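First up is the structure itself, then whatever we jot down about it.
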């Protein structure tokens, strides 16, 4: 397995050597890399194999046995003469293919789909069709009769035993019929499921095993029709059941609607077959992730480290289970990318999994089992597998409908085309490098092409000539947004390709300041994990304006991502959000300007974090605007760095307390009246309170009924005399500045003293 650091360093060096002008554009190259099985599985393969370690080698050759005009091949079983019978859709035909690959139409049903085939006595064939399900019996000469009509819409699978009995799996009422040799049939079992989608004879032939959908379960049914649940899967449908020579049962299960559904799920990509009433007949779903899906794609931009460890939360498309003869089961393989259609065994009895929707054949081997991609089919789905007496594996495909044979010989060459890699914008390509080995007589040739459309079309560049320096060759494809690379492996002794890395450099784009938040005056945030302000020893009075603001800030809401909210007089918190499409590192300059001024003054420079607390006592009271300037200089040379900026809304700075003008207190008619005016040079008066004992405070209200201006007149009336303590009055402006004055009680008709 290739290490990321080596191709990164190599790619950067080669990029700078091959294109000296690149350093004028940006200094942070990014990398496309394929180095795991999951990476390589994203591309298109022809004649190649990928093992569980992510090694790309020449695979087994696939030979075209027979090509039909049908879009779907649903079922395939051996004929007595060593040939094959193949059931198709959407024409309902059955083809007979001899051992030389010559095919003829053996039966043409009135129905559209021949989903199920089973051998009949004397070399004949049973054919189960859908919709309006019927079972036909065709003798070896091709003469067909209607053998059994269950009255069900779909016939999904069939199995015949040595006694001449035929078991028919149906839907959408989820039943199994037992049909005698004379064509008389009865309902043998009714499933608690929508459809019975698969059926197999248990070794010895005494019992049958069935698979269902909605839900996807495997059950053993004894001779009396008594069911026993063998496996309850989390998947929607059981697609295939296959016994090995030791009596173990292998189960292919998929997610996605089959059976009675009017159509496959929109995201399944499965082929759909129209029924006689115009609806789409349900079909098996085609899709598979593997045990290797935990290996993430290495697309080594700035966020690559996070991406490489992020769990893959996509829904599983399918899995393969093994049920031992004693009933214990294991999940052997699962996939989020491919759906298993069928399972079989190769000449060495290794498990083969046929999948869609990209026509892949996997082999499971080793301890623990690991998947190897052994071949890719010429169709989107591999629907059925069969191993002949010589150990050769045949497989049938859909989209299009063809039959292939997997050869024991290695293909002379194989081609891999990567998935389309998106640089996000028109970019300059750096170096392409690869790791691999090529024995004598073998070659690895790597080429590229580029374009600005997805997918590739005639506006793309042609494939480049093969690059010659494995450790790093400058990419010659034109600057563009998208890039694709191709590898051709050839030789009788297969070369091995383990990784490919391409460096690219995005055009430097200006950073953007998306938003600026001006928090209320005095609101600040403790750094995360701070224990907060300590309690004040011996101070029980928490009613002062600052303490109330502090308590309110600390207890309101759920806090901030930057820490717990609190309050500090005279401080102004500014936060902003900035983005850079190149994922460059950013620094920030903060400038300010007072209303009426034309020159911006620098408050802070080269901040690394998008937050600043401004001590506003350092500037005069007034109305201010703040400008945030974001720079990508940390990731670019000085002559290529770009800046982006934005201005805040206006903010008021006022650190001066209100002022009082009080008239002498007057006592008359059993009450004391205090008249005073409260003024503030910059902010509106927010609140005025008074207290006779210094502990209990009551609100006073302006004469005009509303505290909304910088000058307010108050008349405070108190029952009785003030007493010797007099009256304390405090005022708070809109920016939380507080002033207090004291009013002396009247003294024998003389004017009271006023203390500030």
query: So residue 654 fits all but one of (1) without any contact (Cβ under 8 Å) to a residue 60 or more places away in the chain; (2) crowded, with 17+ Cβ neighbours inside 10 Å; (3) over 19 Å from residue 746 (Cβ atoms); what number is the exception?
result: (1)
query: Which of the strands (runs of 3 or more DSSP E) contained wholly in the stretch 558-654 include at least 2 residues that are at pLDDT below 95, farther than 25 Å from residue 680 by Cα and in contact with a helix residue (DSSP H, G or I) (Cβ under 7 Å, 6 or more places away or on another chain)?
result: 565-567
task: For the stretch 577-591, enumerate the residues that are within 10 Å of residue 508 (Cα to Cα) and surrounded by 18 or more Cβ atoms within 10 Å (Cβ to Cβ).
output: 580, 582, 584
query: From the list 161, 182, which residue is without any contact (Cβ under 8 Å) to a residue 12 or more places away in the chain and under 23 Å from residue 138 (Cα atoms)?
result: 182
- request: Scan (1) farther than 14 Å from residue 197 by Cα; (2) part of a strand (DSSP E or B) for the single condition residue 111 breaks and write down its number.
  value: (2)
- request: Could you pull out the residue among 87, 82 that is over 13 Å from residue 397 (Cβ atoms), in a strand (DSSP E or B), touching a residue at least 12 places away in the same chain (Cβ under 8 Å) and over 36 Å from the mean Cα position of the chain (by Cα)?
  value: 87
field: Every residue from the stretch 381-403 that is surrounded by fewer than 23 Cβ atoms within 10 Å (Cβ to Cβ) and under 15 Å from residue 88 (Cα atoms)
entry: 399, 400, 402
task: Answer with yes or no whether residue 683 is in contact (Cβ under 8 Å) with a residue 24 or more places away in the chain, crowded, with 18+ Cβ neighbours inside 10 Å, in contact with a strand residue (DSSP E or B) (Cβ under 9 Å, 6 or more places away or on another chain) and not in a strand (DSSP E or B).
output: yes
query: Out of all the residues in the stretch 151-190, which are assigned to a loop (DSSP other than H, G, I, E, B) and buried (at least 24 other Cβ atoms within 10 Å of the Cβ)?
result: 152
query: For the stretch 492-513, which residues satisfy the criterion of being within 25 Å of residue 51 (Cα to Cα) and touching a strand residue (DSSP E or B) at 6+ places or on another chain (Cβ under 6 Å)?
result: 494, 495, 496, 497, 498, 499, 500, 501, 502
Residue count for the stretch 222-239, restricted to those that are within 17 Å of residue 168 (Cβ to Cβ) and either surrounded by 22 or more Cβ atoms within 10 Å (Cβ to Cβ) or not assigned by TED's automatic domain parsing to the domain that holds residue 170 (or both): 1
task: Would you point out which residue out of 251, 209 is part of a strand (DSSP E or B) and within 24 Å of residue 363 (Cα to Cα)?
output: 251
task: Sort out which residues of the stretch 489-502 are outside any loop (DSSP other than H, G, I, E, B) and crowded, with 21+ Cβ neighbours inside 10 Å, and write them in order of number.
output: 489, 497, 499, 500, 501, 502
- prompt: Is the stretch 136-150 home to any residue that is within 22 Å of residue 222 (Cα to Cα) and surrounded by fewer than 24 Cβ atoms within 10 Å (Cβ to Cβ)?
  reply: yes
- request: Check the stretch 255-276 and report whether any residue there is at pLDDT 95 or above and either under 35 Å from the mean Cα position of the chain (by Cα) or within 28 Å of residue 350 (Cβ to Cβ) (or both).
  value: no
- request: Go through the stretch 48-101 and count every residue that is touching a helix residue (DSSP H, G or I) at 6+ places or on another chain (Cβ under 6 Å) and within 23 Å of residue 242 (Cα to Cα).
  value: 1
query: Does residue 125 meet the test of being crowded, with 18+ Cβ neighbours inside 10 Å and within 23 Å of residue 375 (Cα to Cα)?
result: no
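The values are calculated or read from the model by the stated rules, or taken from the named source; none is laboratory data. This is a predicted model, so every value here is computed, not measured. Here Cβ is always computed from backbone atoms with ideal geometry, including for glycine, and neighbour counts include all displayed protein chains.
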